[in-house]
Ligand code: CAA
């Protein structure tokens, strides 16, 4: 499908999706969110893709939901259309791993989009924030919920109540991002991580993603049971036999997603 607000390149089993509304710092309007969800779903369904990277520009991953578009909406508009529910649900349903490669601003919906991905690699230029309070609203795509799980109550309250930005170093210290790299190396590092994931058994990568995500939804005992049952089920796969045999034979595993 032809897109107008994103650019998709697929190479070496990795789909790289670039948000591309430079005049609006990649603000997430209805069109961009729709195209992003479609591109993610296409990548999820494409056998050649084994991992996905979502990124923006050097200046902005995304500066939030599109304020111009939202400014004229009424309560009835946003409530009846259930604004942002569709994007949240469609992104959460993607089963292949998604890495957010964040340079520059990741604010409001931009920070929330990064948190919807499976992990975040940040450039040293990255700035995260939930400044919705300055607009007379609160976060609407996970800034009060996911951010609190990432960084804890105190820092999440600070971000959501003051609207201040957090730089990459603070974000790494707080556990929001998994690594910080020089801005020039951001795409190389994120695509490199995606290629590493692409070498694994896709079955196992999807199961690992599902198990980690489960930990956000259920109490520890249920999460441990889910993990153990999924772990047990991996013993029904050829990739488990191959992975363990390869280790014992001191060779690289040849996974076949079976
Ligand atoms: N929506 C629409 N347009 C936006 C935008 C947004 N979120 N963020 C930036 N833009 C536009 C600006 O209006 C400007 O357009 P014009 O040139 O046509 O005026 C262009 O992008 C460049 O922006 P600035 O001139 O403001 O650039 P700057 O370098 O001076 O500042 C910034 C950068 C600090 C990111 C500033 O643009 C900013 O504060 N943006 C808004 C951030 C924000 O409040 N985000 C939360 C949105 S609400 C939300 O996301 C709800 C939710 O939870 C889902």
**Item:** Distant alpha-carbon pairs in the chain (separation over 35 angstrom), percent
**Value:** 17 percent
**Message:** Multiplying the sequence separation of residue 78 and residue 46 by 0.36 nm and subtracting their Cα-Cα distance, what value in nm do you get?
**Reply:** 8.2 nm
**Message:** Starting from 0.36 nm per residue, how many nanometres of slack lie between residue 157 and residue 236 once their C-alpha separation is accounted for?
**Reply:** 23.9 nm
**Fill in**
Rounded to the nearest 5, the percent of DSSP beta bridges in the chain running antiparallel is 30 percent
**Complete:** What helix-only [θ] at 222 nm does the chain give? Using -39500 (n - 2.57) per DSSP H run of at least 4, over all residues, to the nearest 500, the answer is -13500 deg cm²/dmol
**Request:** Could you check which residue among 76, 177, 218 shows the biggest mean-square fluctuation in a GNM of the chain with a 10 Å Cα cutoff?
**Result:** 76
**Asked** Which residues does a label at residue 11 reach in the range 35-53, if reach means a backbone N under 19 Å from a point 7 Å past the Cα toward the Cβ?
**Response** 43, 48-53
**Asked** So between residue 220 and residue 173, what do we pick up on full extension, going 0.36 nm a residue minus the alpha carbon distance?
**Response** 14.5 nm
**Request:** Kindly identify the range 69-123 as rounded, prolate or oblate by the Cα gyration tensor criterion: order the square roots of the eigenvalues as a ≥ b ≥ c, call it rounded if a/c is under 1.5, otherwise compare a/b with b/c, prolate if a/b is larger, else oblate.
**Result:** oblate
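Here, each number is a calculation from the coordinates, and none is a lab measurement. Keep in mind it's a predicted model, so treat the numbers as computed, not measured. Counting neighbours? That spans all protein chains shown, and the Cβs are built from the backbone with ideal geometry, glycine included.
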